[in-house]
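What follows is a short report on a single structure.
The values are calculated or read from the model by the stated rules, or taken from the named source; none is laboratory data. The shown structure was predicted, so the numbers you read here are calculated from the model rather than taken from an experiment. All Cβ positions, even for glycine, are placed from backbone atoms using ideal geometry, and neighbour counts span all protein chains on display. These accessible areas exclude ligands, DNA and RNA; they are computed on the full protein's heavy atoms, side chains included. Shrake-Rupley method; radii C 1.70, N 1.55, O 1.52, S 1.80 Å.
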Amino acid sequence: MADTEIAVIGAGVVGLAVAARLAPDHPGLILLDRNPKHGMETSSRNSQVVHAGIYYPEGSLKARLCVEGRERVYDLCRRHDIPHRKTGKLITATRAEDLPALDAIQKTAAANGVVLTRLSEAEARAHEPDVRTVGGLWSPESGIVDAHGLMDHFLQKALAAGAVLQPRSTVVGIEHRDDGYRLSVQDAAGVESFTSERVVNAAGLDGDTIAALAGIDIDAAGYRLHPCKGSYFSAATRCAKLVSHLVYPVPAKESLGVHVVLDTGGRMRFGPDAEYLPDRRFDYRVDPAKRSAFAEAARRLLPEVRDEDLEPDISGIRPKLQAKGEPFRDFVVAEESARGLPGFYDLIGIESPGLTAAPAIAELVARLVRA
Ligand SMILES: Cc1cc2nc3c(=O)[nH]c(=O)nc-3n(C[C@H](O)[C@H](O)[C@H](O)COP(=O)(O)OP(=O)(O)OC[C@H]3O[C@@H](n4cnc5c(N)ncnc54)[C@H](O)[C@@H]3O)c2cc1C
């Protein structure tokens, strides 16, 4: 008999949401993370936007789980006093050439069940008088959430249901056995191991590493991750007074484009850009030399921003399944019986909108576990 029923690898927002959802039905669930605390990687290095579900192809997991997750996030926030604000979001066309793209965005959103209002130049200006615009789209369902507040909620719920969080514990080996999986875990004392009937891989930027440890050929499976860094610059308080909603440009190819990011504390940042990284030696420092490029991108949205208004801020790294220039890839949420690993659940490529989608991903995992 295995030592426990379920082990979740990774205590970012996804692993935490999964643990909170599964713990009541699986006593003694173990949640492992290599860091001293939960949520120290991508989940605390993002825009904290509750996405409406606008840009993703119809029927994709990104579209479905974003729309469902958004409703769940707002509901949790309301019921548990998690700081959030349904700010709404303006997608602005800053040049006449961008206007046709608005039609395409509106159509994709509608296919996902997300209603956007088309705005004339005057209407867009009425929403945001200081934003450069020749017309836009208004998304009433977009908003912001305190990611730490959301993660703390999931953690408390999991712990209250008897889950155990093991920080500073790096999974270094996974062996498939008759009674489940033997996980080898490196902590300060050395390497120890335990067995679990089922394993959920929510290891974020190392989701592919964990799948490989379990014996999956990640290239054949299409699971190899391509880390893509996104940097932010914070904006002076005078800039924060220029907008009252989230403001996005018409999206660029690799990301949604440098946009206005607001947080629940009233601060404003610009970002993130998109920079594919050559290897896994992650450096989260933001290159101050990017300031003028960021100021340029910011001025495309808000002409009043000056270079000296911006300071290097945080960065985050996207666990992308598509390499640079490759087409759309969806989230992987898979039970791996077909690869000879029953009871092993891979959550891979959970880039944006993973924060928004987390509670919906957890529901899907719960359905797979019950199946
Ligand atoms: C720049 C940027 C902006 C974004 N903006 C948004 C946004 O506005 N809205 C939105 O919805 N989403 C956004 N996202 C996406 C969102 O942040 C992620 O989808 C989400 O945080 C992923 O959560 P996770 O739990 O899968 O990953 P993580 O938060 O990375 O958690 C994975 C955990 O696994 C642990 N781990 C890894 N390997 C091991 C191991 N071997 N042993 C033990 N533990 C291990 C790590 O320590 C880590 O804590 C953004 C992402 C980026 C990078």
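Overview of values
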quantity: Candidates per GluC sites (Glu not before Pro) in the stretch 257-337, loop by DSSP, up to 13 other Cβ within 10 Å; calculated: Glu304
quantity: Percent carbon-and-sulfur accessible area, the chain, ignoring ligands, DNA and RNA, probe 1.4 Å; calculated: 51 percent
quantity: Cα-Cα over 31 Å, subset of Lys157/Lys324; Lys157/Lys320; Lys89/Lys320; calculated: Lys157/Lys324
quantity: Accessible area in square angstrom per residue, the stretch 222-356, 1.4 angstrom probe; calculated: 42 Å²
quantity: Charge sum, other residues only, whose C-beta stays under 15 Å from Ala19's C-beta, Lys/Arg counted +1 and Asp/Glu -1; calculated: -1
quantity: Stretchable slack from Asp3 to Val115, in nm (0.36 nm times residue separation minus alpha-carbon distance); calculated: 35.5 nm
quantity: Members of Lys62/Lys241; Lys86/Lys229; Lys62/Lys107; Lys241/Lys290 lying beyond 21 Å, as alpha-carbon distances in this model show; calculated: Lys62/Lys241; Lys86/Lys229; Lys241/Lys290
quantity: Largest-first principal axis extents of the Cα set of the stretch 1-159 (Å); calculated: 65, 30, 28
quantity: Formal net charge of residues neighbouring Thr94 (Cβ-Cβ distance under 9 Å; K, R +1; D, E -1); calculated: +2
quantity: Accessible area in square angstrom per residue, the stretch 95-148, 1.4 angstrom probe; calculated: 47 Å²
quantity: Formal net charge of residues neighbouring Phe331 (Cβ-Cβ distance under 13 Å; K, R +1; D, E -1); calculated: +1
